[in-house]
1. Working only within segment 89-111, note down all residues that are within 30 Å of residue 239 (Cα to Cα), within 13 Å of the ligand (Cβ to nearest atom) and assigned to a helix (DSSP H, G or I).
2. Could you go through segment 271-292 and let me know if any residue there is more than 17 Å from the chain's Cα centre (by Cα), under 30 Å from residue 120 (Cβ atoms) and not polar (S, T, N, Q).
3. Assuming residue 145 fulfils every condition listed in (1) within 16 Å of the ligand (Cβ to nearest atom); (2) within 24 Å of residue 214 (Cα to Cα) apart from one, which condition is it?
4. Let me confirm something: among 269, 281, 242, which residue is surrounded by fewer than 17 Cβ atoms within 10 Å (Cβ to Cβ) and under 23 Å from residue 163 (Cβ atoms)?
5. All but one of (1) of a type outside the set (D, E, K, R); (2) out of contact with any Gly (no Cβ under 7 Å at 6 or more places or on another chain); (3) under 21 Å from residue 174 (Cα atoms); (4) buried (at least 19 other Cβ atoms within 10 Å of the Cβ) hold for residue 99, so report the exception by its number.
6. Name the single residue that is surrounded by the most Cβ atoms within 10 Å (Cβ to Cβ) among those in segment 172-190 being farther than 20 Å from residue 16 by Cβ and touching a residue at least 40 places away in the same chain (Cβ under 8 Å).
7. Restricting attention to segment 77-88, which residues are buried (at least 24 other Cβ atoms within 10 Å of the Cβ) and either more than 15 Å from the chain's Cα centre (by Cα) or within 9 Å of the ligand (Cβ to nearest atom) (or both)?
8. Within segment 112-139, can you find the residues that are within 12 Å of the chain's Cα centre (by Cα) and either in a helix (DSSP H, G or I) or surrounded by fewer than 19 Cβ atoms within 10 Å (Cβ to Cβ) (or both)?
Amino acid sequence: MGSGPNVAVFGAYGHTGRFVVAELRERGYVPLLLGRDQDKLLALVQNQPGLEARRASVDDKASLDRALNGATIVINCAGPFATTAAPLIEAALRAGIPYVDVAAEIEANLDTFAHFAEPARAAGTVVVPAMAFYGGLGDLLVTAAMGDWTAADEAHIAYGLSSWHPTAGTRVAGAVSGQRRGGRRVRYTRGRLEYHDNALPTLEWPFPAPLGAQSVIGEFTMADVVTIPSHLAVPEVRTYMTAKAAADLSAPDASAPTAVDERGRSAQTFVVDVLVRSNGTERRMVAAGQDIYAISAPLAVEAVDRILTGRTRTIGVASAGAVFDAPDFLRALSSHLTLHVPLGTNG
Ligand SMILES: NC(=O)c1ccc[n+]([C@@H]2O[C@H](COP(=O)([O-])OP(=O)(O)OC[C@H]3O[C@@H](n4cnc5c(N)ncnc54)[C@H](OP(=O)(O)O)[C@@H]3O)[C@@H](O)[C@H]2O)c1
């Protein structure tokens with residue numbers, strides 16, 4: 001077992017939480033296992049000898065304070081984040097420690113920026129929402145692709161998922177976000193979020209080989225519309241999803257991911273194709289890998305490692321691309337992500 005500092009993981013026994021706990025151990029950190037259900041914590045500890053578990057509820061401030069006692073940082077993996085983010089951030093600020101979460105909920109991420117920017121800055125600490133596949137990875141890729149550009153006209157993030165077997169947490173997060181927007185759709189255009197009732201367009205996206213052109217749903221809006229405009233001057237941010245994966249997600253009988261390898265990853269593969277345009281010039285960057293839940297763990301843990309070792313660029317609430325050196329961060333994930341800059345772009 002490692003001897004690095006204690007990293008609290010709230011929602012440690014969830015699907016993503018387990019990947020995060022495993023990744024922390026692999027990197028020599030000591031995860032402190034937090035969650036609201038004592039039985040699930042006990043079951044987790046049985047498989048993680050030597051680790052400590054503490055029960056804590058978002059409705060009980062004192063339990064959160066006890067749970068974070070001695071932790072150097074907290075990663076929140078328990079969603080819906082509309083319910084868990086604010087109480088956990090408040091507890092992290094009371095404890096004087098940084099906070100990272102994996103929230104994919106647009107409105108919850110906006111709330112984090114709106115409510116905690118000042119308190120986090122005043123506390124001299126950093127709060128990083130959406131430090132995961134959706135929100136975090138797209139932001140790092142767009143930031144890296146922009147290079148020396150300080151502004152762009154458009155950013156496009158196309159998700160080429162081979163399939164999408166959603167966890168219960170993903171489905172609940174989708175339902176909560178849907179309720180919060182009154183069933184309306186959302187997109188980021190002309191420098192702001194716009195709620196609308198238009199049908200979503202279906203188009204072809206030219207993913208690089210070997211995936212090639214795929215039918216995608218346009219304006220399949222993900223957390224990148226919060227993270228990217230939080231620090232980059234890009235008035236149009238659009239995200240796209242392979243039609244097949246979008247259909248999987250909304251199927252009434254959608255099944256949860258099943259493990260196919262020793263790391264617990266599913267067979268799902270992903271390509272994230274990022275294109276930024278400025279004055280007619282394009283820059284592009286592509287990342288590929290396996291399992292969108294599993295990849296969220298190295299993303300969150302790399303963030304933790306950089307925060308704990310002082311490799312950050314700002315304080316307050318900030319997204320991955322604003323806090324970290326994006327190209328360097330992406331290179332550090334080379335054992336999990338294949339990065340590629342297509343020829344003929346990046347003028
Ligand atoms: N941005 C991204 O790319 C990304 C990637 C991965 C996950 N996520 C998000 O992370 C969340 C978890 O996903 P998952 O795949 O791990 O789902 P999951 O396996 O269903 O786990 C959900 C976890 O959240 C906990 N939880 C739910 N409500 C809670 C509450 N009120 N208080 C405390 N704990 C609560 C659950 O605990 P109980 O079992 O006690 O209910 C469980 O530990 C989802 O919101 C998902 O959208 C985002």
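All of the numbers you see were taken from the coordinates with simple rules; none came from a lab. Values in this document were obtained by computation on a predicted structure and should not be read as measured data. Cβ coordinates were reconstructed from backbone atoms using ideal geometry, including for glycine residues, and neighbour counts include every protein chain displayed.
1. Within segment 89-111, the subset within 30 Å of residue 239 (Cα to Cα) is 89, 98-111.
Next, only the ones that are within 13 Å of the ligand (Cβ to nearest atom) stay: 100-109.
Listed by number, the residues that qualify are 106, 107, 108, 109.
2. There is at least one residue in segment 271-292 that is more than 17 Å from the chain's Cα centre (by Cα), under 30 Å from residue 120 (Cβ atoms) and not polar (S, T, N, Q).
3. For residue 145, the exception is condition (1).
4. Details: 281 fails: under 23 Å from residue 163 (Cβ atoms); 242 fails: surrounded by fewer than 17 Cβ atoms within 10 Å (Cβ to Cβ).
Every option except 269 fails the conditions.
5. With respect to (1) of a type outside the set (D, E, K, R); (2) out of contact with any Gly (no Cβ under 7 Å at 6 or more places or on another chain); (3) under 21 Å from residue 174 (Cα atoms); (4) buried (at least 19 other Cβ atoms within 10 Å of the Cβ), residue 99 is out only on (3).
6. To start, the set of residues in segment 172-190 that are farther than 20 Å from residue 16 by Cβ comprises 178-190.
Now narrow it down to the ones that are touching a residue at least 40 places away in the same chain (Cβ under 8 Å): 180-181, 186-190.
On the way: 180: 17, 181: 13, 186: 16, 187: 20, 188: 23, 189: 15, 190: 7.
Ranking the candidates gives 188 first.
7. From segment 77-88, those buried (at least 24 other Cβ atoms within 10 Å of the Cβ) are 77-79, 81, 85, 88; that's our starting set.
Those that are buried (at least 24 other Cβ atoms within 10 Å of the Cβ) and either more than 15 Å from the chain's Cα centre (by Cα) or within 9 Å of the ligand (Cβ to nearest atom) (or both): 77, 78, 79, 81, 88.
8. If the condition is that a residue be within 12 Å of the chain's Cα centre (by Cα) and either in a helix (DSSP H, G or I) or surrounded by fewer than 19 Cβ atoms within 10 Å (Cβ to Cβ) (or both), then 133, 134, 135, 136, 137, 138, 139 are the ones that fit.
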